[in-house]
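Working notes, beginning with the structure itself.
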Amino acid sequence: MSENKKTETGFFTRAKNWIVALPGRVKNAFKNMVAELKKVSWPSKKDLVNYSLVVIGFVVVLAVIVGLLDTVSSSLVKLLIQL
């Protein structure tokens with residue numbers, strides 16, 4: 001007979017428990033985030049400038065390459081259309 005008794009695992013009970021536990025979970029997430037950020041080895045200002053310049057240079061080179069490929073491919077399409 002005790003097998004037929006419903007335990008308190010209904011939707012509303014679980015939703016209430018989830019909402020009640022939410023602030024604690026958010027607090028723990030931020031606490032863990034701060035702990036992980038303290039372990040990060042941050043680059044020096046000189047390194048940061050160098051890395052930024054490398055990235056900007058790489059983006060410019062890729063933009064030029066993509067621009068050239070676009071120009072060549074559009075010229076080829078125009079030639080094919082004229083045939």
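Computed from the coordinates by the stated procedures, all read-outs in this text should not be read as laboratory data. Note that the coordinates shown come from a computational prediction; the quantities given were computed from them, not determined experimentally. Quick reminder, even Gly has a Cβ in these numbers, built from the backbone with ideal geometry, and neighbours come from all protein chains shown.
When the stretch 39-55 is filtered for residues that are surrounded by 10 or more Cβ atoms within 10 Å (Cβ to Cβ) and part of a helix (DSSP H, G or I), the ones remaining, listed by number, are ASP47, LEU48, VAL49, ASN50, TYR51, SER52, LEU53, VAL54, VAL55.
Candidates VAL20, VAL34, VAL61: the one that is part of a helix (DSSP H, G or I) and within 24 Å of the chain's Cα centre (by Cα) is VAL34.
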